[in-house]
Every structure is written in C-alpha cells, then in structure tokens.
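Step one of this worksheet: look at the structure below.
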Amino acid sequence: MKLLYSLGIYIASFVLNLLALFNSKLKLGVVGRRKTFKTLTTHIKPNDKTFWFHAASLGEYEQGLPVFEALKEKYPNYKVVLSFFSPSGYEVRKNSKIADVVVYMPLDTKANAKRFLDIVNPDYTIFVKYEIWPNFLQELKKRNHKAILISAVFRENQAFFKWYGGFMKSALFGFNHIFTQNESSKILLESINYKNVSISGDTRFDRVSNQLNVDNSVDFIENFKQDNLCIVFGSTWPDDDKLYMDYLNHLDFKNLKVIIAPHNIKPSYIESLKSQIKTNSICFSELSKDKKLSDYNVFILDTIGYLSRVYSYADIVYIGGAAGTTGLHNILEPAVFGTPIIIGKNYSKFPEADALIKLGGVTSVSTSEDFSTTIKTLISDISFRENQGLTNKNFIEKNKGAVIQILKSIRI
C-alpha cells in the first residue's frame, strides 16, 4: 500500500496541475503550493522556536482555533506556522492573527516532508480532525518531534482498521497522542494497539462558546430586522434552496424577516438566487444610504465574515449542506445562541446533528412540505420554539471543555 500511496500522490499532483488550467479554485492551491518553501524560508529562521498548526480547510481551522489561541497566549515567544490544504481555508485565513506565517501544505511526499520540517523544525505540531499524512507523520516521528491530533473522529470502514491498511495504520503512530471526539473512535484506535488516546470531545464547542463573549452586534442587520421575528438560512446550497423556496414565496411577511447567507457568493449564483425570490429582497452588495433596509423582507448576505454574529439575531435557523451531498455545515454556531435549527436529511456523518435530533433541538426535513410544516410550527408555537432553542444551548454548555483537557497534556 505504501507504493500505491506514493504513486497516488504523484498522480494527484499531475491531475491537480492539469485541472488547475480550467478551475480557478484548484489553481489557487497549485500556485500557492509552489510558493510554500520560499515563504517559509523568508519568515522562519534556523534558531526560531516554532509551533506548526495544520488544518485541511476553514472548518478544521475554526475547530482548532481555541487550542491554537491558548498555546499562542501561553508561549508568545514561539512563531506559529499555519498550513492549509484547501484554498477555502487558506484564502479566508491567510492573514490570520494567530500565525506568523500561513502557507499551503505541500503534497505528502517524502521529499516535501523532509524539506518542510528542515525549515520549520517545529517544537510542537497539532493536526485537526481528519488530517493524517503518512510521510509527514513518519518524518515527524523519525525526528522525535511532538505531534498530536485533536478532535479526531474515526470510523471502522477506514483503511486504518482494515487488513490492507498497514501503511496508513502506521502513520497514526506518528502522533504522540490522539484526542478523539467520542468513545467509538477511542475503541477503534485501541483495537489496533494505539494506546495514547483520550476522549476530549469536540473543540468546536469551546470555539462557539467563545462567541458569547464578543460583541455580536451588526448594525445593518439591526436596521433590517427591527422588532420582527427573524429566520436565518445559513451556508445554503441549491439543494437547500429547493427545500425552502416554495414556502418563502408563499409567505406572509407580516412581523417576519428572512436572511439568506449562501455558501456560494459568486455573483452569478446570487443573481440566480435573487431571481427565484418573489418578494422584495436586497443583497449586502446593494447596500447604500438611499435604501431603507426595513422596507425589505429578504436580506441576502452575499459576503463573508458576518454569519456567526448574524445567528445572534435569529429566532429560527436553517443550516445548509444536508439537503444534498455537500456536507452539513456547522450547526453549533447558531445552537450556542439558543436557537431552534432545521437541517436536511443527510446528516449521518455528523454526530452533533444526530445527538441534537434525538434531544429535540434540531429537526431534519426531507421535502419542501416537511420544511413548511416544521417552520410553521416553530413560528406559531412560541413555547415549542423556545424549548428547542434551550435544548441546543444546554447541549453546547454540557459539551464544552475539550480545550482545557488538551492543554493539560501539552508539554513543550
């Protein structure tokens, strides 16, 4: 499998370079990776003490951020190298205050691993959730560098736990410790004789809890919402639009406002989305002094950086991604504000969604009829709406604390 993996990496490199000619997002990653080593040598000197934080994309970065911030505060003299695999993480957080230098992670070849670690020489390395790169991890282990994996989730159908997965299995032993989100992941690791494992829970609970300690006010949202009930559709995709659009277009907007924050904010998609909405709507990109926001029924948030604060204004939230196959977006961000949540049907890989559905704070819908019935109940039954919201808020409070547990184990 080792040979197949190495061959696969080189094939992936060739394919990515080819596809980058036709895909602007892939091109960002390909071009960015070419600059990684030059950027590192510019910012990291041989005598620097360093931490290396790695996240696949934006979601994993947000998940790891509470730990990153705590370490940065505790060890201010250490330089931080932050790496991403995906452009959706790098492009949004390339100016992250937590890091001294932000780069794309090179593809996982032996040569890249040696070169990267020769420059960075990290005193401590933290990978988040799914990030397991065998060549990098084996090189870290060979050099006796400390490395941990946090908020990890494992499933029995993964190669680590199959007869043919020896190479991938050995990569796990490059971590000095693995912190899992749940007991089933811990049991799986122990089944392959990996013993340095603890259940810490999900650091996202700590991350979203911190949102309550910051100023969440957004002036244009306040001008839009006024004293009306507010429904927020967060991180939605076209499959989500199909679920709610019919309801939206037959809605009496008396004492009700709707905010839509689509995942894709490309002008072509925003134009298509707006064309489907029959009531009067306005986009963030259309804001001007001569437009009175309170006159509009639907506000389309075609920008980034506001959504976590916008959830504080929501009375009901629909979170996108589970109506199709793109993957459910973060339901914990609105849950911390004590808001009832609606999602699509494809949530099986998201344990927090499964848990909150069982507790009654989240409702999964499969059709536009299901959506309409659910949201009508949430609007009309104040007690039901408040109880669902309280369930979600209590769930966050009960499950935070992963960061403290992880930090206690870190010895520099």
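Once the stretch 187-204 is narrowed to residues that are buried (at least 20 other Cβ atoms within 10 Å of the Cβ) and not aliphatic (A, V, I, L, M), the residue that is nearest to Pro334 (Cα to Cα) is Arg204.
Is one or more of the residues making up the stretch 166-173 open to solvent by 40 Å² or more (accessible area, probe 1.4 Å), of a type in the set (S, T, N, Q) and over 21 Å from the mean Cα position of the chain (by Cα)? Yes.
Cβ-Cβ distances below 9 Å connect the following pairs, each with a first residue in the stretch 29-57 that is under 23 Å from Val128 (Cα atoms), a second residue that is in a strand (DSSP E or B) and small (Gly, Ala, Ser), and a separation of six or more residues or different chains: Thr36/Ser83; Trp52/Ser83; Trp52/Ala147; Phe53/Ser83; His54/Ser83; Ala55/Ser83.
For first residues located in the stretch 114-125 and closer than 15 Å to Tyr78 by Cα and touching a residue at least 40 places away in the same chain (Cβ under 8 Å), partners that are part of a loop (DSSP other than H, G, I, E, B) and open to solvent by 60 Å² or more (accessible area, probe 1.4 Å) and lie 6+ apart or on another chain with Cβ distances below 7 Å form the pairs Asp123/Lys49; Asp123/Ile412; Tyr124/Ile412. For the stretch 7-23, the tally of residues that are open to solvent by 40 Å² or more (accessible area, probe 1.4 Å) and either in contact with a helix residue (DSSP H, G or I) (Cβ under 9 Å, 6 or more places away or on another chain) or among the β-branched types (Val, Ile, Thr) (or both) stands at 6. Candidates in the stretch 298-316 are the residues that are of a type in the set (A, V, I, L, M) and surrounded by fewer than 21 Cβ atoms within 10 Å (Cβ to Cβ); of these, the one that is nearest to Val362 (Cα to Cα) is Leu307. Among strands (runs of 3 or more DSSP E) entirely within the stretch 312-412, having at least 1 residues that are modelled with pLDDT of 95 or more and of a type outside the set (A, V, I, L, M) singles out 316-319, 362-364.
Among the criteria (1) in a helix (DSSP H, G or I); (2) in contact (Cβ under 8 Å) with a residue 24 or more places away in the chain; (3) of a type in the set (A, V, I, L, M, F, W, C), the one Ile11 does not fulfil is (2). Restricting attention to the stretch 215-233, the residues that are in contact with a Lys or Arg (Cβ under 7 Å, 6 or more places away or on another chain) and either open to solvent by 70 Å² or more (accessible area, probe 1.4 Å) or not in a strand (DSSP E or B) (or both) add up to 5. When Ile319 is tested against (1) open to solvent by 10 Å² or more (accessible area, probe 1.4 Å); (2) closer than 25 Å to Phe205 by Cβ, exactly one condition is not met: (1).
Residues checked against (1) at pLDDT 95 or above; (2) closer than 22 Å to Gly327 by Cβ:
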| site | (1), (2) |
| --- | --- |
| Ala261 | yes, yes |
| Lys266 | no, yes |
| Asp295 | no, no |
| Arg309 | yes, no |
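The residues of the stretch 277-286 include none that are under 11 Å from Phe220 (Cβ atoms) and exposed (fewer than 12 other Cβ atoms within 10 Å of the Cβ). Annotation note: Cβ proximity below 6 Å between a residue of the stretch 385-412 that is in contact (Cβ under 8 Å) with a residue 40 or more places away in the chain and open to solvent by 70 Å² or more (accessible area, probe 1.4 Å) and a residue that is assigned to a helix (DSSP H, G or I) and not hydroxyl-bearing (Ser, Thr, Tyr) (sequence gap 6+ or interchain) occurs for Lys400/Phe205; Lys400/Asp206.
Within the stretch 287-297, which residues are open to solvent by less than 60 Å² (accessible area, probe 1.4 Å) and either among the β-branched types (Val, Ile, Thr) or assigned to a helix (DSSP H, G or I) (or both)? Listed by number, the residues that qualify are Leu293, Ser294.
Evaluate the stretch 234-248: report whether one residue or more is within 30 Å of Val298 (Cα to Cα), in contact (Cβ under 8 Å) with a residue 60 or more places away in the chain, open to solvent by 30 Å² or more (accessible area, probe 1.4 Å) and assigned to a loop (DSSP other than H, G, I, E, B). Taking every residue of the stretch 234-248 in turn, at least one turns out to be within 30 Å of Val298 (Cα to Cα), in contact (Cβ under 8 Å) with a residue 60 or more places away in the chain, open to solvent by 30 Å² or more (accessible area, probe 1.4 Å) and assigned to a loop (DSSP other than H, G, I, E, B).
What about Glu333, is it within 28 Å of Ser268 (Cα to Cα), out of contact with any Leu (no Cβ under 7 Å at 6 or more places or on another chain) and not polar (S, T, N, Q)? Answer is yes for this residue.
Taken over the stretch 113-151, the criterion of being on the phi > 0 side of the Ramachandran plot and open to solvent by less than 20 Å² (accessible area, probe 1.4 Å) is satisfied by Ser151 alone. Can you name every residue in the stretch 46-103 that is in a strand (DSSP E or B), touching a Phe, Trp or Tyr at 6+ places or on another chain (Cβ under 7 Å) and open to solvent by 10 Å² or more (accessible area, probe 1.4 Å)? If the condition is that a residue be in a strand (DSSP E or B), touching a Phe, Trp or Tyr at 6+ places or on another chain (Cβ under 7 Å) and open to solvent by 10 Å² or more (accessible area, probe 1.4 Å), then Val102 is the only one that fits.
When Ile304, Ile270 are checked against the criterion of being of a type in the set (A, V, I, L, M, F, W, C) and not in a helix (DSSP H, G or I), a single residue qualifies: Ile304.
The values are calculated or read from the model by the stated rules, or taken from the named source; none is laboratory data. Because the structure is predicted, anything quoted here is derived from the model rather than measured. Cβ coordinates were reconstructed from backbone atoms using ideal geometry, including for glycine residues, and neighbour counts include every protein chain displayed. These accessible areas exclude ligands, DNA and RNA; they are computed on the full protein's heavy atoms, side chains included. Shrake-Rupley method; radii C 1.70, N 1.55, O 1.52, S 1.80 Å.
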